Amino acid sequence: MQDIGLSAHKLSVHYGEKAAVKNVSLDFADRQVTALIGPSGCGKSTFLRSLNRMNDLIPGARVTGDIWIGGENINSPQTDVVLLRQKIGMVWQRPNPFHKSIYENIAFGPRYHGIRDKKKLDEIVEQSLRRAALWEETKDRLHNSALALSGGQQQRLCIARSIAVKPSIILMDEPASALDPVSTAKIEELIAELKQDYCIVIVTHNMYQAARISQKTAFFMLGEVEEYDDTDKIFTNPQKISTSDYITGRFG
Amino acid sequence: MAQSVGKQQPKPHLREEWVGRVYTFLCILFLLLTIFSMVYFVASKGLSTFIINKVNLAGFLTGLKWSPDSEPPLFGALPFLIGSFSTSILAAVIAAPLGFCAAVFMTQIMPKFGRKIMQPVIELLAGIPSVVYGFVGLSVIVPLFRDIFPGQGIGIAAGAVVLSIMILPTITTIATDALASLPAGLKEGSYALGATRWQTIYRIVLPTTMPALLTGIVLGIARAFGEALAVQMVIGNSPHIPRSLFESTSTLTSAITLSMGNTVMGSIQNNALWSLALLLMIMTFVFVFIVRMLERRSKL
């Protein structure tokens, strides 16, 4: 058994009266990619968002249950959300670079966690961009606008931006679904690379992607986890009919 | 038969299309004609001061003394220019921070209350007639300034305060729209990096929407620049460059409205007022031009 990077215990999310996620308990291993799959509206993105307390921002959303990181329940009112989000990075479906230079995009997070030293910031920017396989393409135009990058580059920039604050966990919400196949391949390569250091949880609609990049897969349906197992097993020998139906494309 | 009908008269939907085209074309023509003739009229009248009456243009722009009835008449518009610029810019300095904060509050902090209640209330300010603003200024702000500061209470400061309230809706509405149309995900991206709400507003939301916010300010200044009545009621209307913010002075607009009725059409005194109007119009064009430039920049 590997180290557990992040673990949800009986997590439920309600929007008003409606339950979007019901009693989900999942352990996410460190240095491994876990894929969350399931039909649209099954609660997988909502679940992902509650892991770094992004649902706090949605009026009327209520998250109950525990989320454990290294012996600390972060789903408690006492948790410092700012510090928590430093530990958990997040990447969205649509790249959302800030309207600033490439450099400033990366330096944004570290600055807020108190790093002012120019040399240190330079170093972080370079490391993060290298880590996100974007350094070679951008090193000569670090101070150009990030909006001039292509969609795939912007997404890698967003990944670089989230690693710049040195998280241990990275959440990705369909990070490649707005990208062309070449950029998608690059992002997948990058995820495989990052897996060596981070606990990665990724929501994806692409079965092949889940099969290619993840070691564990959780199948969500109607706000509940139907099946959670090694990716190989889920895709070759699913235990439940609903899982096999979904994977073979019979619904969803 | 069907063929011959098709040839002889256009099909109904094509006729509609044609009527629509002609109608919109006529409307546009009328609009263009109105604008063009107004510009032509103001320009020809305003320029005749310099062409027919041989008033020196440089002297007009830099002269300190405005006394059209003296012998020889003196036309120095600099006091009005200074009055106009200082009141409108000071008004923007007062109104911009208030408008931004109101917009931030209405979109980021309490969106429901803000958009449902506060925004209509602020927009209501735009509908109040300027004479009411002037009257309130005259009976509230002027006496207040008279008690606190040396002087009569009238002057640039009183004018700027009245104008700042008048342009608040412009600045607030534009800022609110800009903040509300922020690209989705930007704020979340900032929060996810561990930034607090204030840091997100200050470092991401405001810089991203800056061109639009500046547009709001420039439009506000343009409105303040052109406002006549309310300013005239509180500024004192003496054509001098004031030594303090609480001393009587004039603006381009207040000078025009004040003397308009006392001049004879075609006289040098009347033409000089048209020259002031021309100056105002040119300044408005400059403001519109600045707004255009800002908008182009914001699209990058």
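Dipole of the protein assembly as shown, Cα-centred, from +1 at each Lys and Arg C-beta and -1 at each Asp and Glu C-beta, to the nearest 20 debye?
Here the size comes out at about 740 debye.
Can you give the Kirkwood hydrodynamic radius for region B:49-183, in Å, rounded to one decimal and based on Cα pairs?
After inverting the mean inverse Cα-Cα distance, the result is 17.6 Å.
What Kirkwood hydrodynamic radius do you get for chain A when you take the inverse of the mean 1/r over all pairs of distinct Cα atoms, in Å? Present the calculation step by step, with values, prior to reporting the outcome.
On the way: mean 1/r = 0.0536 Å⁻¹.
Value: 18.6 Å, from the Cα pair sum.
For Cα pairs less than 8 Å apart in space and 6+ apart in sequence, what is the mean separation divided by the residue count of chain B, i.e. the relative contact order in percent?
24 percent
Quick check: net charge around A:GLU226, other residues with Cβ under 12 Å of its Cβ, Lys/Arg +1 and Asp/Glu -1?
-1
I need the shape label for the protein assembly as shown. Rule: rounded when a/c is under 1.5, else prolate if a/b > b/c, else oblate, with a, b, c from the alpha carbon gyration tensor. Show your work: numbers first, answer last.
Working: a/c = 2.76, a/b = 2.02, b/c = 1.37.
It is prolate, given that a/c is not under 1.5 and a/b is the larger ratio.
Charges only on Cβ, +1 for Lys and Arg, -1 for Asp and Glu: so what's the dipole of chain A about the Cα centre, in debye to the nearest 20?
The dipole of chain A has a size of about 620 debye.
Among the listed pairs A:LYS44/A:LYS87; A:LYS18/A:LYS166; A:LYS186/A:LYS216; A:LYS119/A:LYS166; B:LYS116/B:LYS187; A:LYS10/A:LYS195, which are separated by more than 24 Å between their Cα atoms?
A:LYS18/A:LYS166; A:LYS10/A:LYS195
Net charge near B:ASN271: determine it from the other residues with C-beta under 13 Å of the C-beta of B:ASN271, scoring Lys and Arg +1 and Asp and Glu -1.
It works out to a net charge of +2.
Which trypsin sites (Lys or Arg not before Pro) in region B:196-283 sit in a loop by DSSP (not H, G, I, E or B) and have at most 10 other Cβ atoms within 10 Å of their own Cβ? Spell out each step's value before the answer.
Values: sites: B:ARG197, B:ARG203, B:ARG223, B:ARG243; in loops: B:ARG243.
Loop-located and lightly packed - B:ARG243.
What does the average come to when, for each residue of peptide A:86-95, you count the partner chain Cβ atoms lying within 10 Å of its Cβ?
On the way: counts 3, 1, 2, 3, 5, 2, 5, 1, 3, 2.
Across the residues of A:86-95, the mean count of other-chain Cβ atoms within 10 Å is 3.
For chain B, what is one quarter of the convex hull surface built on the Cα atoms, given in nm²?
Details: hull surface 100.1 nm².
Result: 25.0 nm².
If you count, for every residue in A:108-118, the Cβ atoms of partner chains within 10 Å of its Cβ, what is the mean?
3
Considering the options A:ILE187, B:ALA160, B:PRO73, tell which one lies farthest towards the positive end of the dipole of the protein assembly as shown, charges being +1 on Lys and Arg and -1 on Asp and Glu at the Cβ, about the Cα centre.
B:PRO73
Hey, got a sec? Which trypsin sites (Lys or Arg not before Pro) in region A:220-252 land in a DSSP loop and have at most 11 other Cβ atoms within 10 Å?
Here the trypsin sites (Lys or Arg not before Pro) that fit, given the DSSP loop and packing criteria, are A:ARG250.
Please give the average number of partner chain Cβ atoms lying within 10 Å of the Cβ of each residue in B:180-192, rounded to a whole number.
Numbers: counts 0, 0, 1, 6, 3, 7, 4, 2, 6, 13, 7, 9, 19.
Average per residue, whole number: 6.
Taking other Cβ within 10 Å of each residue's Cβ, how do B:GLU188, A:GLU174 sort, fewest first?
Ordered from fewest to most neighbouring Cβ atoms within 10 Å, B:GLU188, A:GLU174 come out as B:GLU188, A:GLU174.
Using a Gaussian network for chain A with springs between C-alpha atoms less than 10 Å apart, which of these wobbles most: A:ALA218, A:ALA20, A:ALA148?
In the Gaussian network model the winner is A:ALA148.
Listed highest first by mean packing, meaning other Cβ atoms within 10 Å per residue, what order do B:19-31, B:119-131 come in? Working shown, then result.
Numbers: B:19-31: 10.0, B:119-131: 13.3.
The most tightly packed comes first, giving B:119-131, B:19-31.
Beyond 15 Å, how much of the Cα-Cα pair distribution for region B:195-300 remains, as a whole percent?
Every Cα pair in region B:195-300 considered, those over 15 Å come to 72 percent.
For the residues A:LYS216, A:LYS44, B:LYS187, A:LYS166, what sequence is obtained by ranking on other C-beta atoms within 10 Å, fewest first?
A:LYS166, B:LYS187, A:LYS216, A:LYS44
For each of B:PHE149, B:PHE36, count neighbouring Cβ atoms within 10 Å of the residue's Cβ, then give the residues from fewest to most. It would help to have the intermediate numbers written out before the result.
Details: B:PHE149 16, B:PHE36 10.
Starting with the residue having the fewest Cβ neighbours, the order is B:PHE36, B:PHE149.
Any read-out appearing in this document is the output of simple, stated calculations on the displayed coordinates, not a laboratory observation. What you see is a predicted model, and the numbers here were worked out from it, not measured in a lab. Don't worry about glycine lacking a Cβ; one is built from the backbone with ideal geometry, like all the others, and counts go over all protein chains shown.
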